Amino acid sequence: MPLKLSLKPGEKFVLNGAVVQNGDRRGVLILQNKASVLREKDIMQEAEAVTPARHVYFPVMMMYLDEPGASRYYDEFVRRLTEFMSVVRNPAVLSECVNISKHIMEKEYYKALMLCRKLVEYEDERLGNGSSGVSTGGGEG
């Protein structure tokens, strides 16, 4: 099934590791086969991974963007998810953590990343942060 991306003027995204930027008008991009696609608003720089949930998000994002090299980020993911789960008491959030782990084991990195966003949102609610820095939109290819 093709992926249709509607792009704002100047919007950036990563496509199979390449940073691509839309021109000065709205545009539509249709991907006909599987590709790793992540919008600029969903990309986290390593320096932005400063909270427990973001420490989980970052290695999952890297696994998604660099699927052939995903094993390089796996140990960091396991360590960070274990740390996060050790301090969370909310059963629904813990269940999401288990689901993230299942998706990682099945190499479904995009699905895991989407669930990681929920961890960031939960953490932001608990800490009273106004913005997660990682949006809830985006698309998969």
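The values are calculated or read from the model by the stated rules, or taken from the named source; none is laboratory data. Here the structure is a predicted model, which is why all the values come from computation and not from measurement. Reconstructed Cβ throughout: ideal geometry from the backbone, glycine too, with neighbour counts over all protein chains shown.
Can Lys8 be described as touching a Gly at 6+ places or on another chain (Cβ under 9 Å), modelled with pLDDT under 95 and of a type in the set (Lys, Arg)?
Criteria met by Lys8.
Could you please let me know if Lys107 is on the phi > 0 side of the Ramachandran plot and either among the hydrophobic types (A, V, I, L, M, F, W, C) or part of a loop (DSSP other than H, G, I, E, B) (or both)?
On the way: on the phi > 0 side of the Ramachandran plot: yes; either among the hydrophobic types (A, V, I, L, M, F, W, C) or part of a loop (DSSP other than H, G, I, E, B) (or both): yes.
When the stated conditions are applied, Lys107 passes them.
Which pairs have Cβ atoms under 8 Å, sit 6 or more apart or on different chains, and link a residue in the range 55-75 that is in contact (Cβ under 8 Å) with a residue 24 or more places away in the chain and farther than 18 Å from Lys34 by Cβ to one that is outside any helix (DSSP H, G or I) and not aromatic (Phe, Trp, Tyr)?
Here the result reads His55/Ala49; Tyr57/Met44; Tyr57/Ala49; Tyr57/Val134, each pair linking the range 55-75 to a residue that is outside any helix (DSSP H, G or I) and not aromatic (Phe, Trp, Tyr).
Would the range 18-31 turn up any residue that is among the β-branched types (Val, Ile, Thr) and crowded, with 16+ Cβ neighbours inside 10 Å? Spell out how you get there, then give the answer.
Within the range 18-31, the first condition is being among the β-branched types (Val, Ile, Thr), and the residues that meet it are 19-20, 28, 30.
Among the residues that remain, those that are also crowded, with 16+ Cβ neighbours inside 10 Å are: none.
Within the range 18-31 (the criterion being among the β-branched types (Val, Ile, Thr) and crowded, with 16+ Cβ neighbours inside 10 Å), the answer is no, since none of the residues qualifies.
For the range 54-61, check the following and say yes or no: at least one residue is buried (at least 19 other Cβ atoms within 10 Å of the Cβ), of a type in the set (Lys, Arg), in a helix (DSSP H, G or I) and under 14 Å from the mean Cα position of the chain (by Cα).
yes
Have a look at Leu65, Leu94, Leu115 and point out the one that is at pLDDT 95 or above, outside the structural domain of Pro9 (by TED's automatic domain parsing) and under 15 Å from the mean Cα position of the chain (by Cα).
Values: Leu65 fails: at pLDDT 95 or above; Leu94 fails: under 15 Å from the mean Cα position of the chain (by Cα).
Going through Leu65, Leu94, Leu115 in turn, the sole match is Leu115.
Run Arg89 past the list (1) part of a loop (DSSP other than H, G, I, E, B); (2) outside the structural domain of Glu121 (by TED's automatic domain parsing) and report the number of the one that doesn't hold.
Failed condition: (2).
I need the full set of residues from the range 118-135 which are farther than 11 Å from Arg54 by Cβ, in contact with a helix residue (DSSP H, G or I) (Cβ under 6 Å, 6 or more places away or on another chain) and at pLDDT 90 or above, in order please.
If the condition is that a residue be farther than 11 Å from Arg54 by Cβ, in contact with a helix residue (DSSP H, G or I) (Cβ under 6 Å, 6 or more places away or on another chain) and at pLDDT 90 or above, then Lys118, Tyr122 are the ones that fit.
Report yes if Phe13 is assigned to a helix (DSSP H, G or I) and of a type in the set (Phe, Trp, Tyr), otherwise no. Spell out the reasoning first.
Working: assigned to a helix (DSSP H, G or I): no; of a type in the set (Phe, Trp, Tyr): yes.
No, not satisfied.
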